[in-house]
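A short worksheet on the structure shown next.
The values are calculated or read from the model by the stated rules, or taken from the named source; none is laboratory data. Everything numeric in this text was worked out from a predicted model, so none of it was measured. Quick reminder, even Gly has a Cβ in these numbers, built from the backbone with ideal geometry, and neighbours come from all protein chains shown. The accessibility values were calculated without ligands, DNA or RNA, using every heavy atom of the protein model including side chains. Shrake-Rupley method; radii C 1.70, N 1.55, O 1.52, S 1.80 Å.
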Amino acid sequence: MFIVMVTPECAPAAKVGGLADVVHGLSKELGIRGHAVEIILPKYDCMRYDRISGLTKCYSDLWVPFYQQWVHCDVYFGWMDGLKCFFIEPHLQRNFFNRGVFYGHHDDGERFAFFCRAALEFMLKSNKHPDIIHCHDWQTGLVPVLLYEMYQQLGLRQPRVCFTLHNVGHQGISGEFLLREVGLNPASVMTHDRLLDDHRPGAINLMKGGIVYSNFVTTVSPRYGQEIRHTPLGMGLQRVLGVHHQKFGGVLNGLDYGVWNPEVDPHIAKRYTIASLGDKYANKDALRHRLWLRSGMKPLVSFVGRLDPQKGVDLILHAVPYCLDHGCQFVLLGSSLQGDINTAFWNLKARYNDHPDCHLEIGYNEELAHLIYAGSDLILVPSGYEPCGLTQIISLKYGTVPIVRNTGGLADTVFDADHAHKPYHERNGYVFNDYNWQGLESAIHRAIGLWNHYPGYFRELMANGMRCDYSWNYPGQNYLNIYNYIKAS
Ligand code: ADP
């Protein structure tokens, strides 16, 4: 099968969060199974160009219609960790993708609407006729709309579209003008059963458009699939997901164990397996050494992730002093697009600057993240909601015990050491229900109690996590089943 991923992110060069890891891991798995996969991305100036090899201009005559003009684009080809990637570079005064950051501009809607049109124009002009176009999140929601409304008639008759919702917290809300810019007729698509937002009068919703026009819609865990259909976590998409429930399902994300695996990880101080679990502590030493933390018999608790309200920032701010007061060390790696959140963490960092048991690293650092996963005893994921979450899945592989909230993909992957309805050998972490500091504290308390008083049982919990198989093996097959199903229908 020939599959084209149209995506705003792909690890390792263009990564903001888990979406990038998923596109990378799924594409690799499909390639291993013998399928042809190509990835189309914007050519951002802020990509890690050191992670792309053989980057060359491969198409310089792409003209994309956009708002009553033709925009000249170059398309570059490069290999990213063995994956074939095409990067679209528009020559436009507004410099859509040369902004120094991936997201966060007032015209994000236009930037990615343009990208959708350009990706389809590129497929048409370069004679690519994939069996499947797999789109990711609101940024690519217009791809199935444009395909159905325009590009099928122009000759792209073969592709069927799978659309994955990585996070419905961002839906791409915009105005009617955007439709005109990409050449769509507002009168035909701005209706309640198509792109019109269900709750904001007169606004269009790009994610809703993707849901309506795709042949199949997935989200990144079964629990999140239930939550967004039936609870306010759907953030206004519950109705449209209900209407289209027959083509909607949750597929738990996989993890690329070629990248995230303490047996082969080049970024950690000492590699280890379940059989040599003692070697994990060389990584704890290395992490402490790197971050100027003292050594000693203390559990090391970490947080790695975007500092977004979704991730439970208020609970994280609460957890740091709580852990320090209860005999733990704390390491945080994260960054935020929101000024007030950044300030709160910079203030916390200033407060603990000289503390020998605490280090807050505010920023993005892929290599340090690997060492934190390997060197920590416990990792905290106290999210308000979590579509899938990769941090806890990565931690499990590194024998770092996750403490998570009972929501979304966290609930599908972490099973409480004391309370899970699972045999003991399948329990792998700590789970709390209520989004408040009492819930958080009780879970941390139980986890550090086991670490302090029952190290043998704690090791069993670590090993249980390391034995879990969250590779791309099962989800890869699930996606292939979906592709085959929509191809045949
Ligand atoms: P989300 O997609 O909501 O950001 P996930 O848990 O699905 O969250 O994926 C997060 C991914 O991004 C993980 O691979 C994590 O290690 C990585 N990550 C997040 N923040 C940082 C950071 N500040 N530095 C390095 N890696 C980070």
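Could you do me a favour and compute the accessible area per residue for segment 1-85, 1.4 Å probe, result in Å²?
I get 38 Å² per residue for this part.
Would you mind calculating the gained length between residue 445 and residue 473 on full extension (0.36 nm times residue separation, minus the Cα-Cα distance), in nm to one decimal?
Result: 6.6 nm gained on full extension.
When the accessible area of segment 262-305 is computed with all protein chains present and a 1.4 Å probe, what percentage of it is carbon and sulfur?
55 percent
From the helices alone, meaning DSSP H stretches of at least four residues, give me the mean residue ellipticity at 222 nm for the chain, per-run term -39500 (n - 2.57), in deg cm²/dmol to the nearest 500.
Value at 222 nm, helices only: -10500 deg cm²/dmol.
Note down the accessible area of residue 168, probe 1.4 Å, to the nearest 10 Å².
Roughly 0 Å² of residue 168 is accessible to a 1.4 Å probe.
On alpha-carbon atoms, Rg over Rh for segment 37-141 using Kirkwood Rh?
We get a ratio of 0.93 for segment 37-141.
Which aspartates and glutamates, if any, have their Cα less than 15 Å from the Cα of residue 487, not counting same-chain residues under 8 positions apart?
In chain and number order, the partners are 131.
Suppose the chain between residue 49 and residue 286 were pulled fully straight at 0.36 nm per residue; how much longer would it get relative to their current alpha carbon spacing?
Result: 82.5 nm gained on full extension.
Quick one: if the Förster radius is 51 Å, what FRET efficiency do residue 101 and residue 434 give, using the C-beta to C-beta distance and rounding to 0.05?
That pair, residue 101 with residue 434, gives E of 0.90.
Any chance you could list P(r) for segment 369-467, counting all Cα-Cα pairs in 5 angstrom bins from zero, rounded to whole %?
Per 5 Å bin, starting at zero, the Cα-Cα P(r) for segment 369-467 comes out as 3, 15, 27, 27, 20, 7, 1 percent.
Mean shadow of segment 171-283, computed from the convex hull of its alpha carbons, in nm²?
10.9 nm²
Counting only heavy atoms of the protein chains, get the accessible area per residue of segment 277-467 (1.4 Å probe) and round it to a whole Å² value.
Ligands and nucleic acids excluded, the figure is 39 Å² per residue.
Determine, from the Cβ-Cβ distance of residue 297 and residue 154 and an R0 of 51 Å, the FRET efficiency 1/(1 + (r/R0)^6), rounded to the nearest 0.05.
About 0.15, to the nearest 0.05.
Exposed loop trypsin sites (Lys or Arg not before Pro) only (DSSP loop, at most 10 other Cβ atoms within 10 Å): please give the longest stretch of the chain free of them, not including the sites.
Between the exposed loop sites, the longest stretch runs 295-489.
Using only the Cα atoms of segment 277-467, construct the convex hull and provide its projected area averaged over every direction, in square nanometres to one decimal.
9.6 nm²
On the first, second and third principal axes, largest extent first, how far apart are the outermost C-alpha atoms of segment 219-300 in Å?
Over segment 219-300, Cα extents along the principal axes are 55, 26, 19 Å.
Out of every Cα-Cα pair in the chain, what percent are more than 42 Å apart?
18 percent
Quick check: residue separation of residue 453 and residue 481 times 0.36 nm, minus the Cα distance between them. What number comes out in nm?
5.4 nm
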